[in-house]
1. Quick check: anything in region D:174-184 in a strand (DSSP E or B) and of a type in the set (Gly, Ala, Ser)?
2. Among all residue pairs at least 6 apart or on different chains, which show Cβ distances below 8 Å where the first residue, located in region C:196-207, is away from chain A (no Cβ under 14 Å) and closer than 17 Å to residue C:295 by Cβ and the second is loosely packed, with under 13 Cβ neighbours inside 10 Å and of a type outside the set (Val, Ile, Thr)?
3. Anything in region C:102-122 that is more than 21 Å from the chain's Cα centre (by Cα), more than 10 Å from every other protein chain (Cβ to nearest Cβ) and surrounded by 23 or more Cβ atoms within 10 Å (Cβ to Cβ)? List them, or say none.
4. Looking at A:51, A:99, A:156, A:82 in this structure, which one is more than 14 Å from chain C (Cβ to nearest Cβ) and either more than 24 Å from the chain's Cα centre (by Cα) or among the aromatic types (Phe, Trp, Tyr) (or both)?
5. Would you kindly identify the strands (runs of 3 or more DSSP E) lying entirely within region D:253-352 that contain at least 2 residues that are more than 25 Å from the chain's Cα centre (by Cα), more than 14 Å from residue D:163 (Cα to Cα) and outside the structural domain of residue D:106 (by TED's automatic domain parsing)?
6. Only one of D:246, D:296, D:224 is within 12 Å of another protein chain (Cβ to nearest Cβ) and either buried (at least 18 other Cβ atoms within 10 Å of the Cβ) or at negative phi (or both). Can you tell me which?
7. Out of all the residues in region A:305-343, which are within 27 Å of residue A:474 (Cβ to Cβ) and facing chain B (nearest Cβ under 9 Å)?
8. From A:268, A:252, grab the single residue that is away from chain B (no Cβ under 14 Å) and modelled with pLDDT of 85 or more.
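The values are calculated or read from the model by the stated rules, or taken from the named source; none is laboratory data. What you see is a predicted model, and the numbers here were worked out from it, not measured in a lab. Methodologically, a virtual Cβ is constructed for each residue, glycine included, from the backbone with ideal geometry; neighbour enumeration extends over all protein chains shown.
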Amino acid sequence: MEENRVLEMRGIEKSFPGVRALRGVDFSLNKGEIHALMGENGAGKSTLIKVLTGVYTKDAGSISMQGAEDIQIHSPQDAQNVGISTVYQEITLCPNLTVAENMFIGRGNGRITKWKKMNEDADKILRSLDIPAAATQQLASCSIAVQQMVAIARAVDMDCKVLILDEPTSSLDEQEVEKLFKLMRDLKSKGVGIIFVTHFLDQVYEVCDRITVLRDGTLVGEYAIADLPRVELVAKMLGKEMDDLSDIKGENAAYSGEDAGDLVFEANGLQSDAGIKPFNFYIKKGEVNGFTGLLGSGRSECVRAIFGADRVIGGEVKMHKKTVKISKPLDAMKNGIAYLPEDRKIDGIIGDLSVRDNIILALQVLTGFFKPFSRAKAQAFAEEYIKKLNIKTASADTPIASLSGGNQQKVILARWLLMHPEYLILDEPTRGIDVGTKVDIQKLVLELASQGMSVTFISSETDEMIRTCSRLVVMRDRKTVGELSGDDVNQNKIMETIAGGEAKS
Amino acid sequence: MKKIDLKKLLSNQLLIPFTAIIILCIVNIIYDCVNTDAAFFAIETKTNNSGFTVFSGPLITILDNGSELAILAIGMTLVTAASGGQDISVGATIAIAGSAMLRVLCGGNTRPETLAAPIIVGFLVACIVGMLCGAFNGLLVSVFRIQPMIATLILFTAGRSIAAWINNNELPIVPDPKFAYFGSFIPGIPIPTTVFIAAACIIVAALLLKFTNLGLYTQAVGINESSSRLNGINPTAIKFISFIILGLCVAVAALIKVSRLSTINYSVIAKDIEMDAILAVALGGNALSGGKFNMWASILGAYIIQFLTTTLYRFQVDSSALPAYKAVVVIILVVFSSPVVRDKLSSLSNKKKALKKGVA
Amino acid sequence: MSTDKKKQSIFTKVSDTNLLLAITIVIFFLMYIGAIIFQGGGFSKPQMFFNILNANAALIITSCGMSIVMISGGIDISVGGVVALVSMCCAVHLDQHGGSVFGSMLIALGIGLAFGLVQGFLVAYLDIQPFIVSLAGMFFARGMTTIVNTVPFNVENAAFKALMDTRIYIPGMGTTNKKGIYVPAYVEPGVVVALVLVALLFVVLRWTKTGRSFYAVGGNKQSALMLGINVKRTRFISHLICSTLAGIAGYVYFLHVGSGSASHAMGMEMNAIASSIIGGTMLSGGVGNIIGTLFGVLSLSTIQNIVSNAGLDQAWWTGITIAAMLCLFLVIQSVVMAQKKRALK
Amino acid sequence: MGFKKKNLFTVLTLIAMPVMLGSCVSDTAAGTPAVLDSEEEASDLITIGFSQLGAESDWRSANTQSMLESFTEEYGYNMIYENGQQKQSLQMTALRSFIQQDVDYIALAPVTESGWDGVLEEAKEAGIPVILVDRRVDSDKSLYSCWLGSDFELESRKLCEWLDSYTQAKGLAPSDLNIIHIQGNTGSTAQIGRTRGLANAAREKGWKILGQMSADFTQTKGREVTASFLRRYDNINVVYCENDNEAIGAIEAIEAAGLCAGPDINNGDILVLSFDGTAEGALELAREGKIAAIAECNPLHGPKVRALIEELRAGKEVSKFNYVDERIFSSLPEVSSVTVDGISYPIENIDN
């Protein structure tokens, strides 16, 4: 272990049923350094962090800190004792307690809470890190950004050597991000090693010293910021060899039915209470288009507004040029719109219900309350789609919760395809899924499009979008910044638009 | 079914109710052998006072007295599944519905000679009142998002007082003997009418579950509310409906309870029946935090509680000491169905299996 | 900095617990003053307030226990049963076994501790729903009360009767009535025990480590774990404290009533829950205050006195008014919380 | 409804609730003159606090009604009535609040006999005379001015005498009687008197009492207790209930078990005996002969209590124990009158 190394991880292995999440990953962190950990969804970033913080225990490999070889971390407490502190994206603090308490609770400093001293210490730390909160203020009354900084302040006060920030900036606006960076630079000058897990390229280039890139559970490489230009980083993240995958777009001829050109769905000035700016959007019959942009740029919020998942507060929506009112998901479903949500666990699957019930649910709701499918009919529907999408499940009766991520996604897809929608929205359909299933889903989307279904495809993996979409709406910071179509739909153009240049539409 | 594999049966939800029934049967058989005159499974015929031959015996008493609880278990299962909480105002709402029914039937004076309104009208009024109470609870739970147990605490506190207020604290007696048939026997028919009423409610519940999507939607809302909303289900409406259905069950139970005595005692009628109804749902192996449910298991759970009560009565257990024994049974059942104990047991059995394999 | 300042309206400055506490205290005083104006008669005399304390000392102790369990996210509906069981066992011990007053106090504490250990273990370590565990606890306690002694009876033990009749006179608060006789104001020993416990619990909740961990576990069980709090132990202790307090409350109730009976403390657990909610404790956990619960009990019993003094001879008015008050508080709480959440968006 | 509108709706109901609540509580308070103007013209109206033990039976409601009717304004009284709901603790709080409200007299119908010393002493210290109604207390006699009620033991001895002469008229030997005894609230004066009467009669006359259990003077418990007795014994021919409600419940249990309550004891009927004679249902059953005989327990204590208070106000000494006169009813012709301690009491039929 060199002198200024604070953390070294060698040959880390971790696998879950059916998926090898980490394949022999090495990672090293210096004292007083901000080190970015980059990689697409499912690349193993969060698994590596969870191994380091003791939420998961590693299958193989070694973790060593300065002065302690091959330490064992089995719980968040172990990590905390060793000096590794983490600030998760969903803040793990108690909203009902005061700021000061959240900083000092559970740290075993004596039986009696000395309120006066605790508040003074908390205020001292908050002032030293320039955090705009009072010690006696209730945590719930602070904004998300302030809460995150309180979590960091707690970690710092426990004189942590390694501070892990897991996607801290995903729900912050520019000013708050700026404040966070100032805090990180202070800590860096005090010698703390910071691991910064994020999706945002410009933030990495603004504050980090070194970058480690992961892809599909393997270590791509470790680079200093200076000698890794932005486009090359993206290429490493997406993996060059993905390009020579056959351009499957060519296999399926574009839909050529006589009503190929006319508009299926149109939205102008659509706005919802989820904080996105009003946007215009249209899709033709048989067309596959997509929303692209970095995580948190508002892609999901747009499609949730279309589907009525969030409360629509403005704008007008037309189906086949006729204005329709979509205020709740049922209205959208009745108009033939289907929506595969981004987060499978919270919005997608209904855990304890069987695969069959999950598949027939949407069609059942459309058919009506008083017209339940007979057991045989439901079984037929289920078996048809289990075969069609080759879903690996013991039987149609097994609860969906016990299926793997990929198969769960296929069941949800089957649910919406059973409805034979006119317009299908897929939000991150391939997130956290093995590569095999990914290609199946992409092929299926194009096949449906060639049969006349219009599809909106959202994925943070731009190569996937390139291979499937004929038109791309590019989003940044909850606004549409450009639209690419035809041969503009290529790697560099997308990167430019995302990175900042105004793309010519 | 090919070889019944033990694992599937073991994890099946009906495991708890069936084991309970088997144990209780064994206990009663032992009791029979000890004192020969009592025969548990015998159904003798007796003539009741109006000279009709009637079946009687422990089995009949279980079916007769257990009917109210079974009907309530239907409604309580739906409420628990949809809202993930319990309704503790059931006993009090039975008092309100019963009191309203008596007010209509007796037309305000406590000793009417003739019925002020036909019995069916009285029952309809009870249904409306039951559904109104259900609606009140439903509104607080689904719209104001108040925890079910706390929302129903309001009616629990006020219920019996409202019931007393409806009849100005009088205890009216229904004069018409036909009214008493619901709680006892219809002349000429040997089986108590309550059994028919309970059977009718169970059939209606079966039809409701078979010919509508109520079962599927309730479970969907109970397991994952936001995902069911995204699939077009209206979770608020489903929770509201479940409370309305429970209100109906309460009305039927009120009809039986009041017709057993053809009068009402506000502080005593259906005392603590809500605790038994919740127990029935738990005995049926349904999670009290909502989600997946098995209606027949809950109904079975209701009859098991009555089975336990009748068995304990045969052992000369005083009626007010009964809850202690019931508590012991509940603790045993709940401990064995708790996930922590189950993991321990399965890890224990795996170790044993591994040991066997290792050795062999 | 500016965006945060804008949100610093008075609304968000005060923490949830203090906001609800303020509402409760204001409403209690409004009600009491209203009673004095409208009902004249007894309310203007201080002894009426002491009578409320005397009659509800046991309810104050059980409600504090209930608040602690609710703050840490659980519930315990066996407290009423425990109170009845304790009074019956002590009565039997004193009269039929000729036991000593001190012996009966030990029995009361023993029963409370036993219930606390069993229920705490089942809830915390076997992770069974608190509602079901305490429901079984209630059944067991109510059943055992009649098994211990079927017939209710008054205690004749001289030493106990002496303790029961001790009055703690409060100088200067007495009043002379129409017949010119000076009626001294007094408080029962149970009230002193209750107020001491309230003060003790306030200190525990406010200052000790375990006290604060109740709030943390109630606020967010998952984060509490990540912050290094032993969640299982905290929930176990919360149930232990609640049942032990129920044991003590049982003895205080026994002192006030002086008899053992199966119908004692009927529905006390529901009154305890109602008092905690009126006192600003939220069933979802993490929010609550012992002082609020004390005022919750006082509000509840003041309502009962107002209704019975208003000459409403029918008993149903008390039930309806308490329910209306509970409903009022619940709706206020849910609106205030929604308001606060929206102010932060 | 968007959250905004819904929120408006909730605020409106919030304001409506207390106003409605406040108005209904206060207007009823204003409605009963007893409380409001007790301050101003306290001089001529005598305030009397009446703590009734509950409302568990028709006899009790009749008793409350009679007390309320006899202490109204025209007689120069105003009464504060409190319902103890069968709980001694509530009655004690009621008495203490009477003391605070400075009432002139206290009338108490105690739910049990023991545990009253403390509160009665407080009343004595406050100089407020206490008149006991219906049930006695075991506290020292100096703690209350007087007691008014029925002689429960006399009622019971009259009823047992009737049973004895009726069964002899029917040619039954004392040993053929199998009696089950449904008791009232354990520990109440009525229960103690009526139980002692039966116990003495059974000892003297050699009757067999198969079982004894309390049904708290209520119809539901009466029915349950009788049903459990009928399940255990099949040779019962006399059911001795200690009030009307228990008798009604007992008859329902008898009929539900397929037996018959009636006068013809020789071949299978069950004789049902009852006390009070106020419940309409019981009088009806007595006319049909389903209840063989009822010993009246006169609930109309109001006028007698007022008379006692008038004497106390006039400073006259009042005897400690005062009895109301009571009759015995039966529609069965076999027995015309019974004599107890030399006094003969006619058996009156139900109608008058």
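1. First, pick out the residues of region D:174-184 that are in a strand (DSSP E or B): D:178-183.
The next check asks that each one be of a type in the set (Gly, Ala, Ser); those that pass are none.
No; the residues of region D:174-184 include none that is in a strand (DSSP E or B) and of a type in the set (Gly, Ala, Ser).
2. Pairs found: none.
3. If the condition is that a residue be more than 21 Å from the chain's Cα centre (by Cα), more than 10 Å from every other protein chain (Cβ to nearest Cβ) and surrounded by 23 or more Cβ atoms within 10 Å (Cβ to Cβ), then C:104 is the only one that fits.
4. On the way: A:51 fails: either more than 24 Å from the chain's Cα centre (by Cα) or among the aromatic types (Phe, Trp, Tyr) (or both); A:99 fails: more than 14 Å from chain C (Cβ to nearest Cβ); A:82 fails: more than 14 Å from chain C (Cβ to nearest Cβ).
Result of the check over A:51, A:99, A:156, A:82: A:156.
5. D:343-348
6. Values: D:246 fails: within 12 Å of another protein chain (Cβ to nearest Cβ); D:296 fails: within 12 Å of another protein chain (Cβ to nearest Cβ).
After applying the criteria, what remains is D:224.
7. Of everything in region A:305-343, those that are within 27 Å of residue A:474 (Cβ to Cβ) and facing chain B (nearest Cβ under 9 Å) turn out to be A:307, A:309, A:329, A:332, A:339, A:341.
8. On the way: A:252 fails: modelled with pLDDT of 85 or more.
Result of the check over A:268, A:252: A:268.
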